[in-house]
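Just so you know, all these numbers are worked out from the coordinates, no wet-lab data involved. Keep in mind the model is a prediction, meaning the values are calculated, not measured. A quick note on method: Cβ atoms are made from the backbone with ideal geometry, for glycine too, and the neighbour counts reach across all protein chains shown.
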Amino acid sequence: MSAPVETPTRNVERAWHTLTPDDALARLASSPDGLTDDEARRRLERYGPNTLHPPKPVSAWRILIDQLESVVVLLLFAAAAVALFLGDPLDAAAIGAVLVINTALGFFTELRARKAMQALLELEVARATVVRNGRAVEIDARELVPGDVIVLEAGQSVPADGRLLSATELHVDEAPLTGESVPVHKHTRPLPEDTPLPDRQNMVFKATTAVAGSARALVVATGMATEVGRIGELVGGIVEERTPLERRLDQLGRRLVYLALGVAALVIALGAAQGIPFGQMLETGIALAIAAVPEGLPAVATITLALGLRRMARRNALIRRLPAVETLGSVTAICTDKTGTLTAGEQTATVLWIDGRELRFTGTGYAPEGEIRENGRVLRADEDPLVFAALRAAALANRADIVRRDGAWIARGDPTEAALLVAACKAGLDRDALRARYPEAGEVPFSSERMLMATFHATPEGETLALVKGAPGRIIELCTRRLTADGERELDDEGRRHLVAINEDLARRGLRVLALAQKSPTPARAEGREPGGAPTRDHGVGDEELQGLTFIGFIGIIDPPAEGVKESIAAFRRAGIRTVMLTGDQRLTAEAIARDLGVLQPGEETLDGRELSRLSDEELAERARRVAAFSRVSPEDKLRIVTAYQRNGEIVAMLGDGVNDAAAMKKAHIGVAMGRRGTDVAKEAASLVLQDDRFPTIAVAIEEGRVVFDNIRKFVFYLFSCNLAEVLVLLGAGVAGLPLPLTALQILWLNLVTDTFPALALALEPAEPDIMDRPPRDPHAAILSARFLRAIVFFSALITLPSLAAFLWGLNGPEGEAYARTLCFMTLALSQVFHLGNARSPGAVIRPTFAVRNPYALGAVVISVGLQFLAVYFTPLARVLDTTPLAPRDWLIVLALALVAAAVGQTLKLRRAVGGNG
C-alpha cells in the first residue's frame, strides 16, 4: 500500500519554494529515485494527464449566428417579412439577397481567419525524461504526475512545475512566463514565503526552457494546476466584450428602427388627414420605411472590414474577428510586454569600458556582424592590447556558442555568454584560433555564491593565464591591480570606488554589467601540469587561484530595442496614442529602457509590482494616468493594469508573446500576439497576430484600422444622405398632396444597386494624408454625431430639392405620372452618384490627381450611370421599375439638376481649403 500523498495545489498556494528538497519529497511521498510504475499509474488516474485544457474552438454555427445578431440585420429581416406579408415578393427577395450576401461574406472571412490562426498553434512539450523505478527513462510528457522526478538538460523545455532537488549551473529562460529578459540562475535553497514568482530560483515552471546546466526536479503540479494552467483559467474567465464598431452599428440600427417607424407613421397620419385611402397610405408608408433603411449598409460594412483584413494580412497582421479590424483604429493606449516585443529578445553587448575609455559595439542580436568603435573610429583587437585582453577574456571564459540555423543566428547556451562571444567576433577575434593559442586546462564554474566564472589557459610561453568574468562587485573585490595602456598598476581603495561608480553609471542606463579580469601569467609549477606547463583540469585549479586579479574592464549588455520600435512609439505619440511598457525586469532597467525607447517622457513615472499590489483598483486607475512603465509585474498585475486603463475610458491594445501576457491580452479590447515566437496560449487569446514578430506592424494595423473607420464613416455619410433624400422626396410629395414620386421597387433599386457600387468604392478609398497625425476619435462617440447629422441633412436637402423639381416639371407636362416619376427617379439617382465626390474626402476631389487616386470610385460612377440607363432603356427592366424613355431635352434637365449637390459641395470644400491656407 502506498504512502498517503498530499494533494498538490497551485504553487502560489502550496508555496513549494519555502520547503527543503527533502520536505518537498516527503509531502508528495516520493524519493530521489522517483516513483514506481504502479504508483505513477495510480496518480495518473487521480490527477489526470499533464495537459492544458485547450479553449473550446468556436463552431462554424456560432460564427454564422454572430453574423445575424446586428440590429441592422434584424431590421432588414423585418422589412423582408413585411414586404412578403403584403404580397411584394420582389421586394422581399431583393432584401433577402442582401442578407445572404452580407452573412456569407462575414461568415467565410471570419472562418478563414480562425483557420489561419489554428495553423499557427503548436502542440505542447511532447517528451520528458523522468526517474521511474530508480532509472531515467523517456516518457510522453502527458503521463507526468506529482511526485515524479524529472531530469532537465540544456535546451529542454520544462514539462511541468517542479521543486529543484539538485542543480548544476542551471539557467532557465522564463521570459514566456514572467517576462524576465535574462535567463534565471537556479539553486535548491528554500526561499521566503512572500518571494514573487520571478524570484523563485528553486523552482522550474512548465513552458520555460533550460538554456544551460542540468538539474533534477520534483514535479509538484501538472496540467491546469501549473502556473501556465492557472493563467489559462484566468484567460478562460474573461468575457470577450463587443467591439466599439459593433456597439456603434447597433446604436445606429436602433436609431434606424425609430426613424423608419416614425416616418411611416407620419405619412400614414398625413394621408388619413387628407382622406387618402388607408391601403394606399400603408403602401406609401412601407415605401418610406424601406427608403429610410440603407439595405446595403451591412454588406458594405462587412466588405469594408474584409478588405481591411486582407490588407492587414498582406502586411503580416492576421485578424481573427472582422469587427476587430476597426477597433484597431480606435486604440488610445498600447500596453506592451518588453522582452521580445519592444526589444529584440537577443542579448547584445553594446559598451566596453577599459581604462577610462568607453567603446561602442554596432549591430544587434547574435549575428557576428558589426564593429567596435571609439569616437566613430573602428578598432580591431589585434591593434589595441586593452581591447584584446578584455575580449579574449569574454570569448574564452565562456561556454556558449552561436550557430546559423534557417538563415538566422541563434544562441546555444547562456544568451549573455553568447552576447560576449559575438562582441569578440566584432573586434576580429576568432575563438577557435584563441583556443588553439591558449589551450584551456581547467575552470572554476559559475555559482551563485562565487558570482564569477574563470578558465585557465596555457600561454605560448608555457605559463598559466586565468581569465575571469562575473559580477562587478565580486570581481572588483578580488582585484589588486588594474590593466592600463601603460601596463598593470596598483588598484587602491580610491580606484575601487571609481570602478564602483562607473558600474553604477552603466547600470543606470539599463545595461547588465559584467566585469572582466585576468591573472597575469605565472610560471608553471611542475606537478599536475600537462606538457607546456598548463594546469590540468584535475589539478592546480581552485578559488585560491583567483586572488590578486588584474581588473581589465566592464562590458555592458542589453536586450536592445527591436528594429523600428523607437520610430513606431514616436509615431504613436503623434497619433495621440500612449505606449505603456509592462516588464518583469527590475525597476532601474525598466526606467532606462523606457526612457531610451521614448516610452517614458518628462513628468511620467514608473511603478513596480510591489507598489502596485498595495493599490486598490480605484487608486491604480488614478495612478495609471501618470505611469508609462510597470516593472516586476505578474500576469495578474498585467490584467489589473489593462482593466485600470479601460476604467479610464481608454481603448486598450495589449501586445505580448508569453503565457504571462495572455490574460491581459484577452481582457484588452485588442490582444496582439507575436506569430513566430509567441506561445500557443498568447496566440489563442489574441485578436491580432503579427506574423513577422515586428512591433512596427502594429502601427500598420492601427493605420489600417483608422482607414477602415474613416471609410465606414464615408459610406455611412453617403448612404444616409442618399436614403434621407429618398425619404424627403416621398415625404415632401406627400405633404404637398402630390402623387407618389417613387415606387417601392424604384427605392429598392436605388438602395441596392445604384447606391451600392459608390458605397463599395468608398470602402476602397486610400488613407488620408494625416491619418496618423491626428488624435484617436472619442471611443464613445456615435457614428452619427451632431455635426455629422447636420452634414447629412444639408446634402440630403441638396439632393431632394432638384429631384422634387424634376418631378413637378414632369407633372406639369402632358406625358403623365410615369414620365414624372422617371424624371424624379433619374435625377435622384444621378444626384446620388455625383454626390460620391462629396463623401470621398473632407477636401475637394475635383483636382485631377485626387480624382484618380481611387480608380474604383470612377468605375463606380460609370457602372451606376450605366445601370440607370438600363433602367430606362432595357424594356424588361423598365417594365418592372415602371420607367419610360426620356428625350435629349429631358436628359439636359436631369443632368443640370443632378449636379447641384456635387457642385455646391465641392465649391464649399474649395472655399474652406482656401480659407484654411489663407
* Check the straight Cα-Cα distances from LYS519 and name the lysines below 19 Å, setting aside those fewer than 8 residues away within the same chain. => LYS469
* Asked: Which trypsin sites (Lys or Arg not before Pro) from the stretch 379-442 combine a DSSP loop assignment with at most 16 other Cβ atoms within 10 Å?
  -> ARG380
* To do: Over the alpha-carbon set of the stretch 384-517, divide Rg by the Kirkwood Rh and report the Rg/Rh ratio to two decimals.
  => 0.97
* Fraction of alpha-carbon pairs over 14 Å apart in the stretch 393-471 - percent -> 64 percent
* Of the GluC sites (Glu not before Pro) in the stretch 170-228, those whose Cβ has at most 16 other Cβ within 10 Å and which sit in DSSP loop -> GLU193
* Structure fact -> Check: C-alpha center the stretch 744-799 vs C-alpha center the stretch 387-414, spacing in Å is 59 Å
* Send over the per residue convex hull volume for the stretch 153-210, Cα only, as a whole number of Å³. => 76 Å³
* Could you give me the radius of gyration and the Dmax of the stretch 779-859, taking only the C-alpha atoms into account and expressing both in angstrom? => 16.6, 56
* Can you tell me the dipole magnitude for the stretch 797-918 around its Cα centre, using point charges on the Cβ only (Lys, Arg +1; Asp, Glu -1), in Debye to the nearest 20? => 640 debye
* Taking every Cα atom in the stretch 839-918, find the radius of gyration and the maximum pairwise distance Dmax, and write them in Å. => 16.7, 55
* Direction-averaged shadow area of the convex hull around the Cα atoms of the stretch 626-773, nm²? -> 13.6 nm²
